[in-house]
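FYI, it's all coordinate maths here, none of it is from the lab. Bear in mind the structure is a predicted one, so any value in this text is a computation, not a measurement. Neighbour counts are summed over all protein chains in view; Cβ atoms, including those assigned to glycine, are modelled from backbone coordinates with ideal geometry.
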Amino acid sequence: MSDSKPLPTFAPQPPERVFAFIHSIFARGKETYLRDLIAHDDGHFRALFDPAYFILGEEQSAPTKSQWNTLKKKLKHHEPRIFIFKEHGETRCGEQVCCYLDFGYFAE
């Protein structure tokens, strides 16, 4: 990771505003796939969501790179000032497995 760029500075955001935004991204009708939103001290957030958000084919055990990229494009479309971390994937959340995506808002 020595050749990676440093992370940008993140603008502080009210957690309730960020929750409303990310909740809308993971909602389908009255159902939401968002499980939790974690705020970090540096101003970035981690969204934990149900893997069922991704519609997987019969032979598919995990979301494709294309599905992750589509999610990231959706976030950027709805909030152009957002920075999305390259790393994403699965993690434990309680007794379940959740997908995660980290993001922050560019400081202006």
### Cysteines (scope the chain) whose Cβ has no counterpart Cys Cβ under 4.7 Å
C99
#### Entry: Whole-Hz couplings from phi, Karplus 6.51/-1.76/1.60, listed for segment 75-89; x for Gly and Pro
4, 5, 5, 7, 8, x, 7, 8, 10, 10, 5, 5, 6, 7, x
#### Entry: Rounded to 10°, Cα long-axis angle of helix 15-25 versus longest principal axis of the chain
40
### Helix-only mean residue ellipticity at 222 nm for the chain, each DSSP H run of n ≥ 4 adding -39500 (n - 2.57), per residue, nearest 500
-7500 deg cm²/dmol
### Task
Might you report the magnitude of the Cβ-based charge dipole of the chain about its Cα centre, with Lys and Arg at +1 and Asp and Glu at -1, to the nearest 20 debye?
400
### Restricting segment 1-77 to trypsin sites (Lys or Arg not before Pro) in coil, as DSSP defines it, with at most 14 other Cβ within 10 Å
K30
#### Entry: Distant alpha-carbon pairs in the chain (separation over 24 angstrom), percent
24
### Task
Provide the descending list of Cα extents for segment 50-108 along its principal axes, expressed in whole angstroms.
43, 26, 16
#### Entry: the chain - percent relative contact order, Cα under 8 Å, separation 6 or more
31
